[in-house]
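Let me begin by presenting the structure, written as structure tokens, before commenting on it.
The values are calculated or read from the model by the stated rules, or taken from the named source; none is laboratory data. What you are looking at is a predicted structure, and each value in this text was computed from that prediction instead of being measured. Every residue, glycine among them, receives a Cβ derived from its backbone with ideal geometry; neighbour counts consider all protein chains shown. In case anyone asks, the SASA skips ligands and DNA or RNA and just uses the protein heavy atoms, side chains included. Shrake-Rupley method; radii C 1.70, N 1.55, O 1.52, S 1.80 Å.
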Amino acid sequence: MSQMLEKQLESMVFRFRVKGKVTSITPFGGGHINRTYIVTVTEDGGKTEQKYTLQQINTTVFRDPHALMDNIQRVTSHIRQKLRAEGKDPERGTLHMLPDRTGQYRYIKDDFGSYWRMYRFIDDSYAYDTVENPEMFRNAAKMFGLFQAQLADFPAFTLNETIPHFHDTGSRYLDFESAVARDAAGRAASVQEEIEFVRARRKETYCIQNHVIAGDIPLRVTHNDTKLNNVLMDADGEGLCVIDLDTVMPGSALYDFGDSIRYGASTAAEDEPDLSKVSLDLTLFEAFADGYLETAGQAMTVLERQLLPFSAKMMTLECGMRFLADYLNGDVYFKIEQADHNLLRARTQFKLVQEDEDKMEEMNAIVARLCEKYHLAY
Ligand code: ADP
Ligand code: GN1
Ligand code: MG
């Protein structure tokens with residue numbers, strides 16, 4: 001990091017309500033959208049130390065940062081109240097956003113038009129990029145399910161849609177077809193096989209959204225980006241809280257479940273080039289479904305429970321389409337580290353979709369069995 005950037009970041013820190021001396025600023029995390037820095041601030045000549053995460057919001061992706069921060073403020077306040085009522089520590093159970101110096105806003109707009117926010121860093125917490133064992137995945141599921149349960153009485157419709165049609169897979173399909181038609185980067189001819197893979201599944205892309213519109217599936221407060229590394233765990237591997245709340249919006253619980261399976265139940269990384277290493281691990285699927293049904297199952301409807309396995313396939317197909325569309329558009333959305341990064345990502349997702357299809361019956365049987373375990377209608 002250049003010295004100039006470090007100075008800029010340091011002056012940004014003190015535009016929030018923070019006292020002391022910045023002793024380090026380090027880029028952190030491997031997200032595809034925002035930029036995150038860990039900031040350490042000391043006071044009393046180094047006697048006390050507090051860490052923060054400073055984040056630059058990607059305003060190309062999130063066009064209304066005010067609306068986004070308003071969502072986060074309201075959702076974290078709601079969870080904080082719940083935790084206090086249960087005698088739990090809100091400082092470890094949800095994110096704490098810092099106000100600016102005036103106390104009026106919870107973000108800063110800098111001279112270049114960029115938006116910044118700061119959270120208290122939750123000490124002794126761990127975020128994992130890969131599932132190390134089924135128990136870890138089960139604990140993450142319990143946290144995402146708990147998040148759902150904590151917000152069950154929050155009026156979902158009052159939240160801002162930070163990215164309209166975010167998990168509307170049918171609308172994502174139309175975006176994908178536009179990208180193919182425009183072929184902005186001249187890459188369509190080289191990915192015909194992948195394009196046809198998506199097209200063969202066009203009809204299914206409308207399924208979940210149609211149920212939501214028809215009212216068969218309830219609108220809930222959903223996280224919408226339920227990767228494993230968006231749950232913080234403590235040193236014993238127990239879940240602490242759900243983070244990365246930019247995409248919290250009104251949505252379906254199926255989005256959260258499906259996206260978690262997409263990312264966490266895969267045997268390989270999202271950008272693994274060797275597709276023979278990419279498959280769906282049913283033990284991990286079961287661990288997640290178990291944890292999720294334990295904390296959120298009671299509040300779910302029968303149709304939601306029945307569609308859990310299908311949601312894994314849909315969220316995976318959707319993400320693959322988004323990666324492929326971005327590849328066709330010339331890599332304008334997701335951060336990339338190599339020229340074909342988005343194509344590699346798309347290919348792992350399509351391999352997983354194939355796996356989901358091959359193992360759909362087994363996934364359905366697992367959910368049916370777990371519903372029996374938790375005495376839930378199926
Ligand atoms: P991104 O959009 O880059 O995924 P996140 O908000 O998920 O951004 O932050 C990236 C990483 O930073 C997380 O996976 C986690 O490791 C860490 N992190 C973020 N906020 C906190 C926090 N308040 N306390 C501790 N760690 C955090
Ligand atoms: C992005 O920011 P990050 O890396 O947690 C994306 C998700 C995708 C994910 C794929 C706002 O999430 O929707 O599923 O990449 N977030 C946004 O890894 O588009
Ligand atoms: Mg994240």
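Looking across region 193-207, the residues that are of a type in the set (D, E, K, R) and either assigned to a helix (DSSP H, G or I) or touching a Cys at 6+ places or on another chain (Cβ under 8 Å) (or both) come down to 193, 194, 196, 199, 202, 203, 204.
Check region 116-126 and report whether any residue there is open to solvent by 40 Å² or more (accessible area, probe 1.4 Å), of a type in the set (Lys, Arg) and outside any helix (DSSP H, G or I).
Within region 116-126, one or more residues are open to solvent by 40 Å² or more (accessible area, probe 1.4 Å), of a type in the set (Lys, Arg) and outside any helix (DSSP H, G or I).
A quick yes/no check of all residues on (1) in contact (Cβ under 8 Å) with a residue 60 or more places away in the chain; (2) in the same structural domain as residue 347 (by TED's automatic domain parsing); (3) away from ligand 1 (no atom under 16 Å from the Cβ):
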{"position": "198", "(1), (2), (3)": "yes, yes, yes"}
{"position": "241", "(1), (2), (3)": "yes, yes, no"}
{"position": "249", "(1), (2), (3)": "yes, yes, no"}
{"position": "263", "(1), (2), (3)": "no, yes, no"}
{"position": "279", "(1), (2), (3)": "yes, yes, yes"}
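No other residue among 189, 156 is away from ligand 2 (no atom under 16 Å from the Cβ) and crowded, with 16+ Cβ neighbours inside 10 Å apart from 156. The number of residues in region 297-322 being hydrophobic (A, V, I, L, M, F, W, C) and either within 16 Å of ligand 1 (Cβ to nearest atom) or surrounded by fewer than 24 Cβ atoms within 10 Å (Cβ to Cβ) (or both) comes to 5.
Residue 154: among the aromatic types (Phe, Trp, Tyr) and more than 18 Å from the chain's Cα centre (by Cα), yes or no?
When the stated conditions are applied, residue 154 passes them.
Are any residues in region 17-48 closer than 22 Å to residue 323 by Cβ and either assigned to a strand (DSSP E or B) or away from ligand 1 (no atom under 16 Å from the Cβ) (or both), and if so, which ones? The answer is 35, 36. Every test in (1) surrounded by fewer than 18 Cβ atoms within 10 Å (Cβ to Cβ); (2) without any contact (Cβ under 8 Å) to a residue 40 or more places away in the chain is passed by residue 25 save one, and that test is (1).
When we screen 331, 271 for residues that are touching a residue at least 40 places away in the same chain (Cβ under 8 Å), over 16 Å from the mean Cα position of the chain (by Cα), within 16 Å of ligand 1 (Cβ to nearest atom) and closer than 24 Å to residue 189 by Cβ, the only hit is 271.
Restricting region 1-40 to residues that are over 23 Å from residue 245 (Cβ atoms) and aliphatic (A, V, I, L, M) leaves a set whose member that is modelled with the highest pLDDT is 22. Within region 159-166, can one find any residue that is part of a helix (DSSP H, G or I), within 16 Å of ligand 1 (Cβ to nearest atom) and surrounded by 15 or more Cβ atoms within 10 Å (Cβ to Cβ)? Looking through region 159-166, none of the residues is part of a helix (DSSP H, G or I), within 16 Å of ligand 1 (Cβ to nearest atom) and surrounded by 15 or more Cβ atoms within 10 Å (Cβ to Cβ).
For region 252-292, residues that are buried (at least 24 other Cβ atoms within 10 Å of the Cβ) and closer than 26 Å to residue 214 by Cα total 12. Just one residue in the set 51, 82, 7 is within 16 Å of ligand 1 (Cβ to nearest atom) and either open to solvent by 20 Å² or more (accessible area, probe 1.4 Å) or part of a strand (DSSP E or B) (or both); that residue is 51. Scanning region 206-235 for residues that are away from ligand 2 (no atom under 16 Å from the Cβ) and either open to solvent by less than 30 Å² (accessible area, probe 1.4 Å) or of a type in the set (A, V, I, L, M, F, W, C) (or both) returns 207, 212, 213, 214, 217, 219, 221, 233, 235.
Taking (1) assigned by TED's automatic domain parsing to the domain that holds residue 33; (2) within 16 Å of ligand 1 (Cβ to nearest atom); (3) not in a helix (DSSP H, G or I) in turn, residue 91 satisfies each apart from (3). When 72, 33, 38 are checked against the criterion of being open to solvent by less than 20 Å² (accessible area, probe 1.4 Å) and under 17 Å from the mean Cα position of the chain (by Cα), 72 stands alone in meeting it.
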